[in-house]
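J.: Have a look at this one before I ask anything.
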Amino acid sequence: MAGLTAAALAAVGFLAYQASASAPDDLGRARTPSVSPSPGASGAPGGSGAPAAKKPDPTVLPADSGTGVRLVYALKDRRVWLVDDKNKAIRTFEVMPSTVSPQPGTYSVTSRSGSVTGSDGVPIEHVVRFASVDDVTIGFSAAVDGSMASPDPSRKTGGVRMGRADGDAVWRFATIGSKVVVLP
């Protein structure tokens with residue numbers, strides 16, 4: 001009986017692994033619907049009729065992000081843009097910052113690794129390194145399991161995490177020597 005139970009558990013584990021490996025990276029993520037205000041809605045509290053102040057669109061490439069082909073990382077916004085030679089953002093996405101961040105400025109990709117274990121013990125892929133702060137190497141990566149958990153604030157880590165599809169895009173885009181612009 002114990003042999004059948006062990007075989008059944010092994011089969012279930014294998015099938016679970018297959019399902020997780022082939023699931024889309026964004027499965028289970030909340031999606032934010034775009035909602036337009038109804039015609040005639042004031043949008044202001046108290047019904048004064050004055051339009052509410054618009055918040056800037058976080059997906060728009062910041063104006064002070066440099067020129068040329070580059071990867072832009074905005075620390076405060078927790079967002080990355082991949083920018084082509086026509087100064088057009090071809091992709092943007094949110095990231096989970098590490099506990100150690102680089103100073104704003106312009107950097108270059110110094111090294112890359114296809115698959116390693118992160119300083120937090122998590123298996124990661126598509127590591128693109130571009131800076132070092134107090135002996136902590138800073139780079140972009142994606143957890144193999146697709147997670148983007150907040151890093152343990154008591155540990156010095158340099159991994160800026162993103163979803164697997166975004167990690168694939170950064171891997172293809174940011175080769176050795178590619179420009180990385182870090183904004184506040």
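J.: Any aspartates and glutamates with Cα under 20 Å of the residue 86 Cα? List them, leaving off those in the same chain fewer than 8 positions away.
T.: Filter leaves 64.
J.: Then there's this: Points 7 angstrom from Cα along the Cβ direction at residue 90 and residue 148: gap in nanometres?
T.: With each label placed 7 Å out from Cα toward Cβ, I get 2.1 nm.
J.: Quick one: compute the contact order of the range 45-151, relative version, from alpha carbon pairs under 8 angstrom and 6+ residues apart, as a percent. Present the calculation step by step, with values, prior to reporting the outcome.
T.: Values: 151 pairs, mean separation 17.6, N = 107.
It rounds to 16 percent for the range 45-151.
J.: Taking a cut-off of 22 Å between Cα atoms, list the lysines near residue 76, but don't count ones fewer than 8 places away on the same chain.
T.: Of all the lysines, those that pass the test against residue 76 - Cα under 22 Å, at least 8 places apart if same chain - are 54, 55, 88, 156, 179.
J.: For residue 135 and residue 103 in the same chain, what is the full-extension length gain: residue separation times 0.36 nm, less their Cα-Cα distance, in nm?
T.: Numbers: separation 32, 0.36 × 32 = 11.52 nm, distance 1.41 nm.
So the chain would gain 10.1 nm between residue 135 and residue 103.
Computed from the coordinates by the stated procedures, all read-outs in this text should not be read as laboratory data. Keep in mind the model is a prediction, meaning the values are calculated, not measured. Virtual Cβ from ideal backbone geometry, glycine too; neighbours counted across all protein chains shown.
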